[in-house]
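Student: Okay, handing you the structure first.
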Amino acid sequence: MVNIISSILPKIFNKDYYRSRNGKIIANLSATIVLKYTDVLISLIVVTITLNYLDKTRYGLWTALYSLLNWMFLFDIGIGNGLRNKFTELKATNKCGEIKYYVSTAYFIFGIIALMLSIVFIILSRVIEWGRILNAPDVLKGELSLTINVIFFVMCISFVLKLINSILAADLKNAVSNIIIVVAHILSLGGILFLSKFSTPSILKYALLYTGSNIIITFIASAYLFNGKYKEYKPHIKYINISLWNDLISVGWKFFFISLTMNLMLSANGLIISNLLGPEYVTDYSINMKYFSIATMLFSILVQPLWTGYGDAYHRKDYDWIRKTFKYMQKLLVIMTGVLVLMIVAQKCAFRIWIGDKIQVDYQLSILFAIYYLFYMVNNIYNPFINATSKIKLQMILYIILSILYLIVCLIFVKYLNLGIKGILLALVLFHDLPLAILTKIQSEKILNGVPGIWQK
């Protein structure tokens, strides 16, 4: 113990350590863990208040609606991830002067995409009956239609502003992104408390508060950062260079298809449940997902800066660091498996404390959620490394094929075999996450060993 402490203390008080790759990651993780679990606590409180304010049906409709609207974030066509990789590469190769051109160009393209999406949405909204798609009660169809029209344009603004998160992630400043999220959620919590005291249930009012608070805080944070720490990268019309589009999109379009398939699945889950089972079942699904995601959050926090860390190590050919990091994450996976088991055992008690008797515990469903998150964590050991190397062609192909397969099997399980929410989780585990977990591990080893073929594309 004395030896461990004596080895750690010099690093804690050594400023140069925090300039190293490991030091930046450790400092970032320490802050992120505190912020993330603060956000979890806030989110749990928000759910409790929201269920009391909206009721189970309205909350289910909002959850399905929000997942549907999140599709628009797919239309960054991978530019955010492309910028992240390019930012990391330019810093690692001491070409920081070029970064501002990529940042300005990315913001310009995002603005154009947001404008085009708005035009398309105006046209489509005249013919789409959102209430019918989400299987909303007749009394809520009018409110739901108004909400989706208003919130779409609010989220268009968020679509452009969110690019700051790619810059922060590339610079190993994930903690700052989490500060933005926490502050936004604190603001929305205050607003929801106000609504619960002084307003009748309204999906529109809730949605405006939830999405609007994020926009306000992200805008303030972006203005502060681009006039301070990132002043040299501040977007400006004179730095826009459309020819850089190819650099951003050459890898970005692959990320786009990966994100498209992932979000298609997640959004489809809410739509399938709402349409075939009823909006109240979306609430059951969402609450269980929130609960078990708490266990995997620590793992996700650790993964966040690894994308940039892997990218830096790969460009510097520091393959030993990458392999050691894999081993650390594998050990953490064993611990997290035990945590998931404990959460299943404690779920009934936890639900009673959290939301009372509004949601009943189904242990078969709980086990499926735990297995889903287990494979989710396995994928997150290797995916950040593959993403950081930009060798994602195989990953793109797999996501497209497996997502299509998953949706087909999912519909069969839910509609024809009457497996309900369990059918969704079963299809997700067997026909998506398990194959991905196996193949991402194989590809990571192939990349590190320099094996030619599709592994390197």
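Student: Which members of segment 300-322 meet the condition of being of a type in the set (Phe, Trp, Tyr) and surrounded by fewer than 22 Cβ atoms within 10 Å (Cβ to Cβ)? Full working, then the answer.
Tutor: First pass over segment 300-322, keeping only residues of a type in the set (Phe, Trp, Tyr): 307, 310, 314, 319, 321.
Result: Tyr319, Trp321.
Student: Are any of the residues in segment 241-248 β-branched (Val, Ile, Thr) and either under 26 Å from Thr389 (Cα atoms) or crowded, with 20+ Cβ neighbours inside 10 Å (or both)? Please lay out each step first, then the result.
Tutor: Here is the first cut: in segment 241-248, the residues β-branched (Val, Ile, Thr) are 242.
If we keep only those that are either under 26 Å from Thr389 (Cα atoms) or crowded, with 20+ Cβ neighbours inside 10 Å (or both) too, we end up with 242.
Yes, segment 241-248 contains at least one residue that is β-branched (Val, Ile, Thr) and either under 26 Å from Thr389 (Cα atoms) or crowded, with 20+ Cβ neighbours inside 10 Å (or both).
Student: Please list, ordered by first then second residue, the pairs with beta carbon atoms under 6 Å, 6 or more apart or interchain, first in segment 101-124 and touching a residue at least 60 places away in the same chain (Cβ under 8 Å), second of a type in the set (D, E, K, R).
Tutor: Here the result reads Tyr102/Lys86, each pair linking segment 101-124 to a residue that is of a type in the set (D, E, K, R).
Student: Another one. Out of the residues in segment 425-457 meeting the condition of being surrounded by fewer than 19 Cβ atoms within 10 Å (Cβ to Cβ) and small (Gly, Ala, Ser), tell me which one is nearest to Tyr281 (Cα to Cα).
Tutor: Among those residues, the one meeting the criterion is Gly453.
Student: Given the conditions (1) surrounded by fewer than 20 Cβ atoms within 10 Å (Cβ to Cβ); (2) farther than 29 Å from Leu407 by Cα, report the number of the one that Met297 does not fulfil.
Tutor: (2)
Student: Kindly indicate which of Asn70, Asn94 is surrounded by fewer than 18 Cβ atoms within 10 Å (Cβ to Cβ) and not in a helix (DSSP H, G or I). Don't jump to the end; show me each part of the working.
Tutor: Numbers: Asn70 fails: not in a helix (DSSP H, G or I).
Matching residue, one of Asn70, Asn94: Asn94.
Student: Does at least one position in segment 304-316 carry a residue that is among the basic types (Lys, Arg) and free of Cβ contacts under 8 Å to residues at least 12 places away in the same chain?
Tutor: We begin by selecting, within segment 304-316, every residue among the basic types (Lys, Arg); these are 316.
Next cut, free of Cβ contacts under 8 Å to residues at least 12 places away in the same chain only: none.
The answer is no, given that none of the residues of segment 304-316 is among the basic types (Lys, Arg) and free of Cβ contacts under 8 Å to residues at least 12 places away in the same chain.
Student: With Leu124, Leu35, Leu115, Leu146 as the choices, which residue is of a type in the set (A, V, I, L, M, F, W, C) and surrounded by 18 or more Cβ atoms within 10 Å (Cβ to Cβ)? Break it down into steps so the answer makes sense when it comes.
Tutor: Details: Leu124 fails: surrounded by 18 or more Cβ atoms within 10 Å (Cβ to Cβ); Leu115 fails: surrounded by 18 or more Cβ atoms within 10 Å (Cβ to Cβ); Leu146 fails: surrounded by 18 or more Cβ atoms within 10 Å (Cβ to Cβ).
It is Leu35.
Student: Only one of Ser267, Ser300 is at pLDDT below 80, among the hydroxyl-bearing types (Ser, Thr, Tyr) and within 17 Å of Ser43 (Cβ to Cβ); which? Full working, then the answer.
Tutor: Details: Ser267 fails: within 17 Å of Ser43 (Cβ to Cβ).
Ser300 is the lone residue from the list that is at pLDDT below 80, among the hydroxyl-bearing types (Ser, Thr, Tyr) and within 17 Å of Ser43 (Cβ to Cβ).
Student: Here's something else I'd like to know. Return the pairs, sorted by first residue and then second, in which the second residue is buried (at least 17 other Cβ atoms within 10 Å of the Cβ) and among the hydrophobic types (A, V, I, L, M, F, W, C), the first residue lies in segment 186-210 and is more than 23 Å from Thr38 (Cα to Cα), the beta carbons are less than 6 Å apart, and the residues are 6+ apart or on different chains.
Tutor: Partner pairs satisfying both residue conditions: Pro201/Leu54; Ile203/Trp62; Lys205/Leu195.
Student: For segment 272-282, check the following and say yes or no: at least one residue is out of contact with any Pro (no Cβ under 7 Å at 6 or more places or on another chain), touching a residue at least 60 places away in the same chain (Cβ under 8 Å) and over 30 Å from Ile424 (Cα atoms). Before you say what the answer is, go through the steps one by one.
Tutor: Taking segment 272-282 and keeping what is out of contact with any Pro (no Cβ under 7 Å at 6 or more places or on another chain), we get 272-282.
Then keep just the ones that are touching a residue at least 60 places away in the same chain (Cβ under 8 Å); that gives 272-282.
Checking the rest, the ones that are also over 30 Å from Ile424 (Cα atoms) come to none.
No: segment 272-282 contains no residue that is out of contact with any Pro (no Cβ under 7 Å at 6 or more places or on another chain), touching a residue at least 60 places away in the same chain (Cβ under 8 Å) and over 30 Å from Ile424 (Cα atoms).
The values are calculated or read from the model by the stated rules, or taken from the named source; none is laboratory data. Keep in mind that what you see is a predicted model, and the values were worked out from it rather than measured. Every residue, glycine among them, receives a Cβ derived from its backbone with ideal geometry; neighbour counts consider all protein chains shown.
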